[in-house]
Amino acid sequence: MSLAHRSTILSPSLTLAIDSKAKAMKAEGIDVCSFGAGEPDFDTPEHIKAACIEALKAGFTKYAPSSGIPELRQAISEKFKKDNELDYKPSQIVVSNGAKHSCLNAILACVGEGDEVVIPAPYWLSYPEMVRLAGGEPIIVETKAENGWKMTAEEFESAMSPRTKMVIINSPGNPTGAVYTREELAALGEVALAEDIIILSDEIYEKLTYDDVKHVSIASLSKELYDLTITVNGFSKSYAMTGWRIGYLGAPEAIAKAVDAIQSHSTSGCTSFAQKGALAALKGDQSPVEDMRSEFDIRRQYMVERLTSIPKVKVVTPQGAFYVLADISGFGLSSTNFADRLLGKHHVAVVPGIAFGDDRTVRFSYATSLDIIKKGLDRFEEFCRSL
Ligand SMILES: *Cc1c(COP(=O)(O)O)cnc(C)c1O
């Protein structure tokens, strides 16, 4: 028996691997401080759960339209207008099984055999794998800490070839916490426009920005950019709804149609009653979003302060998401070796940067309580000073 080529080129998710190792240690009774989480530690707000339960009780349990229930697509259309200055008609919106699925659908719809996709590193680890799955080739652009881990227009330009089909921009970014400014997006947009490159803009951390930094949607900058951009967003990070598996994209009509076709033959769309919960998230009280954001902010400031005070550890203050990327190259260990020793000896779980295409760093998530953060950083500091 042999597997198809495409399944032999994918590597399993390293973030999940670390997480399961930490969980296994916990199960053995070891007191592990985990900074590995890729999801909010908060529960989904009650009114969202209530709307879903209500829908279930009312028998809203049949197949839903593959691109999403009409009232949710309408609410997303309004959200895009209100939050992002973006005009997407409901027909330009496809609701999928998480923003991850929206990204995959977009890539499957646009990227073909041999097409190149420019991805700034450190990147969210699924992007290159999705591109490979589509038969394309990821072109990784290493960004610099001194540029705030952001790809410059020059770096983007030098990664282009006649085969470049798409660029992926993730702002606020995972794992870097970087948020691109309007000017930086405009500069990248110019490069994309000159060669007609499709922009996949993953805006899942939109609601999590700090220090008065504002999220900007690249598609809102001009009509020309709008016509080239696929805007991806979802409910997982803003509303603590990771397990619900609901995300969405807004795109030019032709792309939205292609995405819907793919989806209609694969998942048939997402869970009917979960979409009612998502609808309540958009329509209901938004204060839980701000409550979670300000709690993340307190942790972020604490983490940055502590990490900065440790010799040989370098951090760029993250402006968004819920991660701090720490440069640990001063210790002369690979990121995997560093993370393995830290977990094995000091029972602290971080994700090695190699998972994100950068071996100089490790990622700390602060989607965990301040108590665990404090204890974990005490241990981390002890580990660093012992090296
Ligand atoms: C968490 C995450 C997603 C996926 O979110 P889901 O909606 O849960 O699929 C997408 N992009 C980035 C950068 C993420 O960190």
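The values are calculated or read from the model by the stated rules, or taken from the named source; none is laboratory data. Predicted model only: the values in this text are computed from it and were never measured. For neighbour counting, all protein chains shown are included, and Cβ atoms are generated from backbone atoms with ideal geometry for every residue, glycine included.
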Just one listed residue, out of Thr209, Thr176, is at pLDDT 95 or above and surrounded by fewer than 24 Cβ atoms within 10 Å (Cβ to Cβ), and it is Thr209
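Results for (1) at pLDDT below 95; (2) touching a Leu at 6+ places or on another chain (Cβ under 6 Å); (3) more than 24 Å from Met292 (Cβ to Cβ); (4) part of a helix (DSSP H, G or I), shown as yes or no for each residue.
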site: Glu305; (1), (2), (3), (4): no, no, no, yes
site: Ile310; (1), (2), (3), (4): no, no, yes, no
site: Thr317; (1), (2), (3), (4): no, no, no, no
site: Ala326; (1), (2), (3), (4): no, yes, no, no
site: Leu333; (1), (2), (3), (4): no, no, yes, no
site: Asn337; (1), (2), (3), (4): yes, no, yes, yes
site: Asp340; (1), (2), (3), (4): yes, no, yes, yes
site: Lys345; (1), (2), (3), (4): yes, no, yes, yes
Starting from the stretch 160-173, keep only residues that are at pLDDT below 95, then list their pairs with residues that are buried (at least 17 other Cβ atoms within 10 Å of the Cβ) whose Cβ atoms are within a distance under 6 Å, requiring at least 6 positions of separation or different chains. none
Among the residues of the stretch 307-320, is there at least one that is under 20 Å from the mean Cα position of the chain (by Cα), within 16 Å of the ligand (Cβ to nearest atom) and closer than 30 Å to Ala50 by Cβ? yes
Can you tell me which residue within the stretch 192-204, out of those that are in contact with a strand residue (DSSP E or B) (Cβ under 7 Å, 6 or more places away or on another chain) and over 21 Å from Asp291 (Cα atoms), is farthest from the ligand (Cβ to nearest atom)? Glu195
Take the residues in the stretch 219-230 that are touching a strand residue (DSSP E or B) at 6+ places or on another chain (Cβ under 8 Å) and part of a helix (DSSP H, G or I); name whichever of them is farthest from the ligand (Cβ to nearest atom). Leu225
I'd like the full set of residues that are in a loop (DSSP other than H, G, I, E, B) and either without any contact (Cβ under 8 Å) to a residue 24 or more places away in the chain or within 15 Å of the ligand (Cβ to nearest atom) (or both), limited to the stretch 90-121. Asn97, Gly98, Glu113
Pull out all pairs, ordered by first then second residue, where Cβ-Cβ is under 8 Å, the residues are six or more apart or on different chains, the first lies in the stretch 266-277 and is among the basic types (Lys, Arg), and the second is outside any helix (DSSP H, G or I). Lys276/Phe60; Lys276/Ile69
Selection from the stretch 233-275 of residues that are touching an Asp or Glu at 6+ places or on another chain (Cβ under 7 Å) and not hydroxyl-bearing (Ser, Thr, Tyr): Asn233, Ala240, Pro252
Suppose we keep only residues that are of a type in the set (Lys, Arg) and outside any helix (DSSP H, G or I) within the stretch 231-277. Which one would you say is surrounded by the most Cβ atoms within 10 Å (Cβ to Cβ)? Lys237
Got at least one residue in the stretch 130-143 being among the β-branched types (Val, Ile, Thr), crowded, with 18+ Cβ neighbours inside 10 Å, on the phi < 0 side of the Ramachandran plot and within 13 Å of the ligand (Cβ to nearest atom)? no
Within the stretch 54-89, can you find the residues that are under 22 Å from Thr267 (Cα atoms) and free of Cβ contacts under 8 Å to residues at least 12 places away in the same chain? Gly59
Select from the stretch 31-51 the residues that are in contact with a Gly (Cβ under 6 Å, 6 or more places away or on another chain) and surrounded by fewer than 22 Cβ atoms within 10 Å (Cβ to Cβ) and list them in ascending order. His47, Ala51
Scan the stretch 285-295 and give yes if some residue there is of a type in the set (Gly, Ala, Ser) and out of contact with any helix residue (DSSP H, G or I) (no Cβ under 7 Å at 6 or more places or on another chain), otherwise no. yes
Which residue, of Gly173, Gly177, Gly189, is more than 15 Å from the ligand (Cβ to nearest atom) and not acidic (Asp, Glu)? Gly189
I'd like to know if the stretch 205-215 contains one or more residues that are within 16 Å of the ligand (Cβ to nearest atom) and either touching a Leu at 6+ places or on another chain (Cβ under 7 Å) or within 15 Å of Val117 (Cα to Cα) (or both). no
